Amino acid sequence: MKNLVFPILLIVCLLSTNANAQTGNSAEARGGSIYSSIGVGYPVDVTSAGLKAQGILGLTNINRETSSLANPGLWASTFYSQASTGVQLTRANVENSASSGTNVNLQTGYLHLLFPLKPGKIGMSVGMYPVTRANFKSVNTKTFNSTANTELEYTNEVQSFGGINKFEVGFAFKLGENFSIGYAPSIAFLTLKNSEALDFNVSGFADHSQEIDYNGNAFAQRFGFTGTFKSILRETDTFSFGGTLNLPYTIDAKRTFSAIKNVRGAEQEVTINGAEDQNGDIDMPMEASFGLGYSPNNLFNLAVEAELQKWSEFSNALDPSSQKLMNDRKKIGFGGQYHPYRKNLDTFLSGFKYAAGISYDTGHLNILDQNIETLWLNTGFGIPSKVASFVDFSFQYGFRGTTDNNLFKERIWTVGMSVNLTELMFVRPKLR
Amino acid sequence: MINKNKAAQSRQLVFSILLSFILLSCEESGTVGAGFINESEIVADTIMVSELPIKSVDPYLGKLTYSATGAFNDPILGEVNAMALFKPSIIQGDIGDLPMDTKALLRLNIDIENIYGRQDREARFKVLRVADFWRGSAFKRSDEVSVVESDGGPIEQQVGEFTLADFDTTGFAELELSGNWKSDFIRFYNNDDANRDSVYRHEDFGLAIVPEDDANEIIYARISTSRLLLIDPADEDTTTNIMLDWATDIDITGGTAPANNVVLSNLYDQYLQFNFTDIAQNLDNNNFVRAELVLTANENALQNSLTENEERFETPPFRIQLGPSSDIAYDLGFNTISSTASYDEGKYRFDITELFNASIFADTDITEVYLYAGQNSGYLSFSSFFDVTADAANAPKIIIFNLENEE
């Protein structure tokens, strides 16, 4: 594991940088879900690959191997400083009744730092993570009628990139032996760019590009709690529950339209009258989640979790048409994890931990009376180290959407990787 | 211990392979989604041009590449009478003074291919002395120059004559010049005074190529490549003189434009002046990718107005230039062109996108925009457009290709 320190740190640095630059950088992420082009992007479940492999968010305290951003209540029980981040590669086969294609997207995830202000009692979390993400690009060939009554062709490269990110600093406190609570205020940043680039294949029409930028920020806050009980049914078992409440928040957003036009022989960014900057509120919905976990012994744990996001309450004064498509999102996940590495056996397969799970998501969109649902089948494994650090891999196969009403169905493969480092990683072992 | 190391190495191998797979995976842009995502559409909007004001200008007609000479009654353009003016230089060669019996040959170059009017090639042309002062670099259409047609005294006035049959296939003919012009020219040539050039410029008015009265065709002389050959009869020594100056004197009278039409020739004598300010101001809310001015040529009238044996030069290119201009006659020939029309199926289309962009986004003054027939190299050509009184399909219009959102 020691040999992996350098590449892991490199990845952490890269991902930390990308987390800041993610919005609006078209070269970084492209070809994501077509449904991410609606509203302020597709909701992102910020979980490590180890939790994705189980199909859950990580709301309970059933397994303390890696830190989790999902529930602020979990941060009180850490004994070590931890840093975690992740990356996910998605390949989706997209089809509707008229066309099909493949989208590939490499998406950086999150950065989470966890500090034990009072080990096992009070923890502090610093996180930067996406809340929604739009990362869609499509090059469409279109036609229009010229004045010569001929059909002229052009291509339109439509892109939607960015979304809402949060920078969050939270605290958690242990209450008695079994409970802990957490509070995480944050600043939510909206940086979303919808652009079009028209490329004409005919003379007399200059290439044209334009974009609509949405920017804004808001104060957001969320709460979490956990309860953990040992030896309920047997001496070695653990039962845990946890829940979160994300309060709704309103982003004071600004919409800017700009176009590149040839003015006096030079390309120049211009503002069209009637499309001047607009200010408006974007109301983000309340979210609540709850989960139960059970571990009969230290080798195995199970969890079932549910989440509700009230996207029906979403509103966007700058793009009212998108809110008509929003629907309450409900998600439920069930999964388990097996930890053979804890047996300290010498065989190859016993050197990992394994996970599997299933989740169902109603989606936050309802288009033409069709919920854009997603069913995920999840599995994965983790590579532990002697110093309580992990590299986790998740493999997910999902079905999203429908081809009914000429909508799009996506069959999605994702490979995720997350790294969870503890401060023990950097302690040089003493010579014995 | 060895087994544990092997297990650790295996785990590292798995990690490395998966890490490489993730980091090296290529990204692909999507191609699916047309029609689902919210994107703009191009929608054409038509604005009829309400006015087509024609302005006149007194164009420069000196030192053009080609000098028209001849006569032709064009049913649309009118009765055209043209004569080419030229003046040989008096640069002295090595042979010194010329004897008075020097042989003078005009090595005249014409465009043997392009003839405006009847194609009989039977017209006869005379070379006559010019009776008035003129200067090519300042010669305008309004300048009146006359020639000495009849005997003005004891000395014969006609200097030379020719027909198209005198020219070889490359368009050259050697025409002997004679009469009192030759003796006057030799005196200027032999003059050794310091002011000989100035005296020659002001006291000799040069020569003109003039069609005979029955001519019904117009030819194009290329004076810049024509020469005056002076041959000493004693030893056959030849001095070749270039041309000092030249111009074209054109009169056009009695043209009849077809109904609902406006005629523009490439003489730079007329142009259309548009004020696009109001239209551009009304467009400042539009996100347009092209603005196009469309004029419709009356091809039917152009094609059917000549008899079988008559031809015109091809219609000229039409251009747009941004004013205002303090010397429109000069600027039409030398100022920057804003747009040159494309021509297809009877329609002239001018890309005026940049003009409108400049007005809307850079406050450029577009109250005076000139539309004119270009490339006045001396060939006479024109076109006939439908004007604002024509039916909507043919009347001048501006097409705006707006980018509109599907929302």
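FYI, it's all coordinate maths here, none of it is from the lab. As the structure is a prediction and not an experimental result, all values here were calculated from the model. Methodologically, a virtual Cβ is constructed for each residue, glycine included, from the backbone with ideal geometry; neighbour enumeration extends over all protein chains shown.
Taking all C-alpha pairs of region A:101-236, those more than 22 Å from each other amount to 62 percent.
The label-point distance for residue B:329 and residue A:354, in a model that sets each label 7 Å from Cα toward Cβ, rounds to 9.8 nm.
Residues whose amide H lies under 5 Å from that of residue B:352, counting only those 5 or more places away or on a different chain, are B:291, B:292, B:293; hydrogens are built 1.01 Å from N in the peptide plane. A Gaussian network model of chain A, with springs between Cα atoms under 10 Å, assigns the largest mean-square fluctuation among A:138, A:77, A:146 to A:146.
For residue B:188 and residue B:144, the FRET efficiency from 1/(1 + (r/R0)^6), where r spans their Cβ atoms and R0 equals 25 Å, is about 0.55. Viscosity 1.567 mPa s, temperature 4 °C: what is the translational diffusion coefficient of region B:197-268 from Stokes-Einstein with a Kirkwood Rh over Cα pairs, rounded to a whole number of µm²/s? In µm²/s, the coefficient is 77.
Note on the protein assembly as shown: Kirkwood radius taken over Cα pairs, Stokes-Einstein applied at 37 °C and 0.692 mPa s, translational D equal to 97 µm² s⁻¹. The coefficient of translational diffusion for region B:318-407, derived via Stokes-Einstein from the alpha carbon Kirkwood radius under 10 °C and 1.306 mPa s, stands at 104 µm²/s. Rounded to whole numbers, the Karplus 3J(HN,Hα) couplings from phi for region A:329-338 are 9, 10, 9, 9, x, 9, x, x, 9, 10 Hz, using 6.51 cos²θ - 1.76 cosθ + 1.60 with θ = phi - 60°, and x at Gly and Pro. Note on residue A:203 and residue B:285: the model spin-label points, each 7 Å out from Cα along the C-beta direction, lie 3.6 nm apart. Reported value for region A:215-256: 77 Å³ per residue, from the convex hull of its C-alpha atoms. Qualifying GluC sites (Glu not before Pro) in region A:113-197, where qualification requires a DSSP coil assignment and no more than 11 other C-beta atoms within 10 Å, comprise A:177.
Note on A:317-326: average number of Cβ atoms from other chains within 10 Å of each residue's Cβ is 1. Projected onto their three principal axes, the Cα atoms of chain B cover extents of 127, 69, 43 Å, largest first. Considering only B:338, B:198, B:325, the mean-square fluctuation computed in a Gaussian network model of chain B, springs between alpha carbons under 10 angstrom, is largest for B:198. Within chain A, the longest run free of chymotrypsin sites (Phe, Trp or Tyr not before Pro) that sit in a DSSP loop with at most 16 other Cβ atoms within 10 Å is A:80-347.
Positive end of the dipole of the protein assembly as shown (Cβ unit charges, origin at the Cα centre): among A:228, A:273, A:83, the Cα lying farthest that way belongs to A:228.
Using a cutoff of 8 angstrom between alpha carbon atoms and counting only pairs six or more residues apart, the relative contact order for region A:273-426 works out to 15 percent. For region A:339-428, applying the loop criterion from DSSP together with a ceiling of 12 other beta carbons within 10 Å to the trypsin sites (Lys or Arg not before Pro) yields A:386. Per residue of A:152-162, other chain Cβ atoms within 10 Å of the residue Cβ number 2 on average.
Rounded to the nearest 20, the size of the Cβ-charge dipole of region A:346-420 about its Cα centre is 260 debye, with Lys and Arg at +1 and Asp and Glu at -1.
What FRET efficiency do you get for residue A:312 and residue A:169 if R0 is 30 Å and r is their Cβ-Cβ distance, rounded to the nearest 0.05? After rounding to 0.05, the efficiency reads 0.50.
When the charge dipole of region A:139-212 is built from unit charges on Cβ atoms (+1 for Lys and Arg, -1 for Asp and Glu) and taken about the Cα centre, the candidate among A:184, A:173, A:141 whose Cα reaches farthest toward its positive end is A:173. Only the Cβ atoms of Lys and Arg (+1) and of Asp and Glu (-1) were treated as charged; on that basis the dipole of the protein assembly as shown about its Cα centre amounts to roughly 9420 debye.
Each label was represented as a point 7 Å from its Cα along the Cα-to-Cβ direction; for residue B:259 and residue B:89 these points are 5.6 nm apart.
Among the residues of A:135-146, the average count of other protein chain beta-carbon atoms within 10 Å of the residue beta-carbon is 5.
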